[in-house]
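Okay, structure first, notes after.
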Amino acid sequence: MAQQYSTTSRGIQKLRTVRLRLAVAAVLTLLLVAASLGSAAQASSTTSRAMATPAACEGLSTVDTAATNRGREERPAPHGLTKRCLRLNQIQVMGTHNSYKLDTTPEILDALAFLDPALASELEYRHVPLAEQFDQQGIRQIELDVFADPEGGLFSQRVALDALDLPNETPPELLEPGMKVMHVQEVDFNTSCLTLVLCLEQVEAWSDAHPRHLPIAVLVELKQAAIPDPLNLGFVTPLPFGTTELDALDAEIRSVFGRHDLITPDDVRGDYATLEDAVLAGHWPNLSRARGKVILLMDNSGTVRDLYRADRPSLEGRPIFTNGVPGEADAAFVKVNEPRGNEAYIQDLVAAGYVVRTRADSPTNEARSGDTTRFEAAIESGAQWISTDYPVPGRSEFSDYVAQLTDGHPAVCNPVNTGPRCVNANLERLR
């Protein structure tokens, strides 16, 4: 009997062990299934966050009356929906003109005022360093004037300083090979970043520290013109930009920015036949995908543009968007410096899908008169980037002129291609 009881007890214990193992296995299976479902839900949620349905975007990224008819204009879109619905071409931001420029050397300015008072008057402006423009002035577009210097030292003499018996210690950056940044060689060369790489590194450093920023546009003007030398001082003649220099320009840009730091023509074109086809189809990235990135634009037209797009009609493999002509394959960005009288033209470009840069003022003219009509025309035009030399109060020494967006926001809803549910405060949140 005792042996039978012992055998039965061992059988019951074994059965309990088997049941316990089965229960543990069942629990583990349930946990694995739950985890799998959670991953799928998270993936679905991620996809949902990256995209928004047309219905959800009504009255936000569309300007038709559908949302108004449904009463949605009374419900401003939240930040999360805004960044999924709005695209890069549906905002308007302020930029600075010649963003690197510091004060012209006073003695050179005085000499210029004697020789050419009109030219001298155009040089009486300056900017704070790039990071301060991004941080304190809400600037999201800058302009860099770039000179080719493949051997280094081309712009190191600065003979006007010697002619005026001023100190002339050559900055070591001017001796190094690579693109240089300044306004006018020999005359207006003081800059907060002497080389293109140094300027772009400042942009990249600020971008890395603020990864949620709206895309920063960098307008690049490639300079190659000689300037008058009335006193025969031996002013340097810049090198022309040919294919070699343009390829070197691309290489310097890519030495600073990684593939995923940039919005490139290839990104926008995608599977479309041409870059312009993509733009006219509204294929700009939404703000969720564009935030934390940089887009490069070329100021030049004519021969330089033609060389840059040679054998690359849609800018295949190039990092810079050219100053395009609507109707041509590379047309995506169009420069229209004067908004007055061109409001309707710019509005048509923006409505079609192009991005446009215009100007709120030309050097010191509006600052001296206090006239804001050009700035007002720029706002009304819907141009995505509006450049100024006076982005915050106190920058003009001549009047109280300022070109600043509503309530000091870094961006506003584009007046041409957004709807009533778009809210300026929801376009960018750095934190």
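Residues that are among the hydroxyl-bearing types (Ser, Thr, Tyr) and surrounded by 19 or more Cβ atoms within 10 Å (Cβ to Cβ) within the range 299-346 comprise 308, 314, 322, listed in sequence order.
On the stretch given as the range 391-414, residues that are in contact with a His (Cβ under 9 Å, 6 or more places away or on another chain) and under 17 Å from residue 378 (Cα atoms) total 2. The criterion of being under 24 Å from residue 52 (Cα atoms) and either surrounded by fewer than 16 Cβ atoms within 10 Å (Cβ to Cβ) or in contact with a Lys or Arg (Cβ under 8 Å, 6 or more places away or on another chain) (or both) does not hold for residue 127. Take the residues in the range 359-377 that are small (Gly, Ala, Ser) and closer than 18 Å to residue 141 by Cα, then tell me which one is least open to solvent (accessible area, probe 1.4 Å). Here the answer is 360.
Of the helices (runs of 4 or more DSSP H) lying entirely inside the range 221-332, the ones with 1 or more residues being in contact (Cβ under 8 Å) with a residue 24 or more places away in the chain and closer than 14 Å to residue 148 by Cβ are found at 243-256, 302-308.
Residue-wise test of (1) open to solvent by less than 40 Å² (accessible area, probe 1.4 Å); (2) at pLDDT below 95; (3) touching a strand residue (DSSP E or B) at 6+ places or on another chain (Cβ under 9 Å); (4) farther than 30 Å from residue 388 by Cα.
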| position | (1), (2), (3), (4) |
| --- | --- |
| 27 | no, yes, no, yes |
| 55 | no, yes, no, yes |
| 66 | yes, yes, no, yes |
| 80 | yes, yes, no, yes |
| 88 | yes, no, yes, no |
| 91 | yes, no, yes, no |
| 109 | yes, no, yes, no |
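Could you please let me know if residue 144 is aliphatic (A, V, I, L, M), part of a helix (DSSP H, G or I) and in contact with a Leu (Cβ under 9 Å, 6 or more places away or on another chain)? No: the conditions fail for residue 144. Close Cβ contacts (under 7 Å, 6 or more residues apart or on different chains) running from residues in the range 106-131 that are acidic (Asp, Glu) to residues that are open to solvent by 60 Å² or more (accessible area, probe 1.4 Å) comprise 107/164.
For the structure I just gave you, tell me whether residue 151 is in a helix (DSSP H, G or I), open to solvent by 50 Å² or more (accessible area, probe 1.4 Å) and not hydrophobic (A, V, I, L, M, F, W, C). No, not satisfied. Comparison of 240, 265, 211 shows that the only residue that is modelled with pLDDT of 95 or more, touching a strand residue (DSSP E or B) at 6+ places or on another chain (Cβ under 9 Å) and either at positive phi or not basic (Lys, Arg) (or both) is 265.
Put simply, of 380, 397 the only residue that is more than 25 Å from residue 302 (Cα to Cα), open to solvent by 60 Å² or more (accessible area, probe 1.4 Å) and outside any helix (DSSP H, G or I) is 397. Out of all the residues in the range 173-199, which are within 23 Å of the chain's Cα centre (by Cα) and not in a loop (DSSP other than H, G, I, E, B)? Of everything in the range 173-199, those that are within 23 Å of the chain's Cα centre (by Cα) and not in a loop (DSSP other than H, G, I, E, B) turn out to be 180, 181, 191, 195, 196, 197, 198, 199.
For the range 147-167, the criterion of being among the hydrophobic types (A, V, I, L, M, F, W, C), without any contact (Cβ under 8 Å) to a residue 60 or more places away in the chain and closer than 22 Å to residue 222 by Cα is met by no residue.
Could you list, in sequence order, the residues of the range 157-170 that are in a loop (DSSP other than H, G, I, E, B) and surrounded by fewer than 17 Cβ atoms within 10 Å (Cβ to Cβ)? Full working, then the answer.
From the range 157-170, those in a loop (DSSP other than H, G, I, E, B) are 157-158, 164-170; that's our starting set.
Listed by number, the residues that qualify are 164, 165, 166, 167, 168, 169, 170.
The range 74-128 holds helices (runs of 4 or more DSSP H) entirely within its bounds, and those carrying 1 or more residues that are farther than 21 Å from residue 220 by Cα and of a type in the set (S, T, N, Q) map to 79-85, 117-122. Looking only at residues of the range 183-199 that are touching a residue at least 60 places away in the same chain (Cβ under 8 Å) and open to solvent by less than 10 Å² (accessible area, probe 1.4 Å), we find that the one that is farthest from residue 154 (Cα to Cα) is 199.
The values are calculated or read from the model by the stated rules, or taken from the named source; none is laboratory data. Model, not experiment: these values are computed from the prediction. Don't worry about glycine lacking a Cβ; one is built from the backbone with ideal geometry, like all the others, and counts go over all protein chains shown. Surface areas here come from the heavy atoms of the whole protein model, side chains and all, with no ligands, DNA or RNA. Shrake-Rupley method; radii C 1.70, N 1.55, O 1.52, S 1.80 Å.
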